[in-house]
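Comments concern the structure below.
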Amino acid sequence: MGVQPGRSWAAIAHVTALKALHDGSRIVGAANASAASEQKTVGELGIGQAFDNVNAMIALPEVEVVSVTVKVPHHRKIVVKGA
């Protein structure tokens, strides 16, 4: 969450670092604030599929880690309740 291609810290640093891992890890997808934002993110960054919300994404058995990349004041809400 919080990934905006070409301008967000998540797109520039997190996605780049995760893609550079050579341990078999892969980015399953992204859950952003809107369907248009989700589609743009996964399309431009090539990171799997777009999810309507974080709960749909974390429900997948292959999801082991979630990187919450929204502004800090919003972290708790997403982590505790889902988006």
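The values are calculated or read from the model by the stated rules, or taken from the named source; none is laboratory data. Since we're looking at a predicted model, the values are computed, not measured. Ideal geometry is used to build each Cβ from the backbone, glycine not excepted, and the neighbour counts take in all protein chains shown.
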- Task: Kindly list, by first and then second residue, each pair from a residue in the range 32-47 that is without any contact (Cβ under 8 Å) to a residue 40 or more places away in the chain and surrounded by 13 or more Cβ atoms within 10 Å (Cβ to Cβ) to a residue that is assigned to a helix (DSSP H, G or I) and of a type in the set (Asp, Glu), limited to pairs with Cβ atoms under 9 Å and residues at least 6 apart or on different chains.
- Result: 32/38
- Output the number of residues of the range 1-36 satisfying the condition of being assigned to a helix (DSSP H, G or I), of a type in the set (Gly, Ala, Ser) and within 13 Å of residue 69 (Cβ to Cβ). 4
- Task: Test each condition in (1) crowded, with 18+ Cβ neighbours inside 10 Å; (2) at pLDDT 85 or above for residue 1 and report the one that comes out false.
- Result: (2)
- Within the range 24-83, how many residues turn out to be closer than 19 Å to residue 11 by Cβ and among the acidic types (Asp, Glu)? 2
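For the structure I just gave you, tell me whether residue 60 is surrounded by fewer than 16 Cβ atoms within 10 Å (Cβ to Cβ) and either in a helix (DSSP H, G or I) or modelled with pLDDT under 80 (or both). Walk me through it before giving the result.
On the way: surrounded by fewer than 16 Cβ atoms within 10 Å (Cβ to Cβ): yes; either in a helix (DSSP H, G or I) or modelled with pLDDT under 80 (or both): no.
In short, no.
Quick one: count up the residues across the range 67-83 that are assigned to a loop (DSSP other than H, G, I, E, B) and either among the basic types (Lys, Arg) or without any contact (Cβ under 8 Å) to a residue 24 or more places away in the chain (or both). Break it down stepwise before answering.
Restricting attention to the range 67-83, the residues satisfying the condition of being assigned to a loop (DSSP other than H, G, I, E, B) are 67-71, 82-83.
With either among the basic types (Lys, Arg) or without any contact (Cβ under 8 Å) to a residue 24 or more places away in the chain (or both) added as a condition, the list becomes 71.
Residues meeting the conditions: 1.
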- Query: Tell me, which residue of the range 38-57 that is not in a helix (DSSP H, G or I) and not aliphatic (A, V, I, L, M) is nearest to residue 6 (Cα to Cα)?
  - Reply: 46
- Only one of these conditions is not met by residue 65: (1) surrounded by 13 or more Cβ atoms within 10 Å (Cβ to Cβ); (2) within 12 Å of the chain's Cα centre (by Cα); (3) at pLDDT 85 or above; (4) of a type outside the set (Phe, Trp, Tyr). Which number is it? (1)
- If the Cβ limit is 8 Å and pairs must be 6+ apart or interchain, which residue in the range 8-25 that is farther than 10 Å from residue 45 by Cβ pairs with which residue that is assigned to a helix (DSSP H, G or I) and at pLDDT below 90? 25/18
